[in-house]
1. Considering only protein heavy atoms, what is the solvent-accessible area of residue 256 at a probe of 1.4 Å, reported in Å² to the nearest 10?
2. How large is ³J(HN,Hα) for each residue in the range 180-188, as worked out from phi by the Karplus curve 6.51 cos²θ - 1.76 cosθ + 1.60 (θ = phi - 60°), to whole Hz, x for Gly and Pro?
3. Label residue 37 and residue 84 with points 7 Å out from Cα along Cα→Cβ: what is the distance between them in nm?
4. Quick one: with all protein chains in place, what share of the accessible area of the range 211-267 is carbon or sulfur, to the nearest percent (1.4 Å probe)?
5. Cα convex hull of the range 61-126: how many Å³ per residue?
6. For residue 102, enumerate residues with amide H under 5 Å from its amide H, sequence gap 5+ or separate chain, H modeled in the peptide plane.
7. Which stretch or stretches of the range 122-144 have amide N atoms under 12 Å from the point lying 7 Å from residue 163's Cα along the Cα→Cβ direction?
8. At 1.4 Å probe size, with every protein chain present, just tell me what the per residue accessible area of the range 1-152 comes to in Å².
Amino acid sequence: MSIGPLDDETVDKHRQAGDVLRTVMDETAEMVEPGVTHLEVAEYAESRIEELADGCAFPVNISINEEASHATPARDDDIEFTEDDMVCLDIGVHVDGYIADAATTIDFTGNDELVEAAEQALEAALDAVAAGVDTGTVGAEIEDVIRGYGYTPVLNLSGHGVEQYDAHTGPNIPNRGVDRGTELQVGDVVAIEPFATDGRGKVTEGAKEEIFELQQERSVRNRAARQVLDQVTSEFDGLPFASRWVDSPRAEMALRRLKQAGVVRGYPVLKEEDGRLISQAEHTVMVTEDGCEITTE
């Protein structure tokens, strides 16, 4: 059935993307064990997405401990999961550009309540979503639950809208109560993603940068950079991509030149500023008159 401005075909594609994401998330989460490398898990998930859907909405994010977002393995990464890791998997799938985005936390540190805080905050947020509800109200539900567990929501991260071939659009869904948000409309497709931490609740940019996105096409003089740009424009549909996806022995240098020219932007890994643990939970929903349909559950 159609949902507001979303016609039957669009609704079906959102559902297809969500179905694939659920399958891939379940399979991938089972792989996360001490001794397995981050790269093995990311490549497995991305290959399954390519097999089952039209592609990845963004590179698989594997955030460890204090990392919150934008962490994905490099092409030669041999880092293994350990028994001291809190692991957040954030996966995106698209079908004809229509996106499903979800995340889960796998904990080996013994901080079960921190994981539960993000999960229960997500449940409370989903219960609050409906047409006419202000996003600040949804954020207040998230904040109340996380603080009720004795933790802090990550205040400078938020959920977001998704549109065709655009993984991050409005409206923003804050992880705290705000006075002036945005009124949700029937047919809005949003990814709600509470982050909980035992730190002060702020993330800052780290030095590592493995995820990039095309900003604008323009001519570049360097041959290696031109070759990489050709691949970026022809294969990635304007969606974020990993440097390890680039078919060039000089990918790092080429991406650096493209970034300097304003052709691509990089996404530094975001980390809790005090180095404290972060948990995450996320679902994508289509907003309806009296609630929402969760596409990734």
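1. Roll a 1.4 Å probe over it and residue 256 shows about 120 Å².
2. 10, x, 10, 6, 5, 10, 4, x, 4
3. The modelled label-to-label distance comes out at 2.2 nm.
4. 38 percent
5. Roughly 103 Å³ of hull volume per residue.
6. The answer is 91.
7. none
8. 40 Å²
The values are calculated or read from the model by the stated rules, or taken from the named source; none is laboratory data. All figures in this text were calculated on a predicted structure; none of them were measured in a lab. Methodologically, a virtual Cβ is constructed for each residue, glycine included, from the backbone with ideal geometry; neighbour enumeration extends over all protein chains shown. When the accessible area is computed, the model is the full protein with side chains, heavy atoms only, and any ligands, DNA or RNA have been set aside. Shrake-Rupley method; radii C 1.70, N 1.55, O 1.52, S 1.80 Å.
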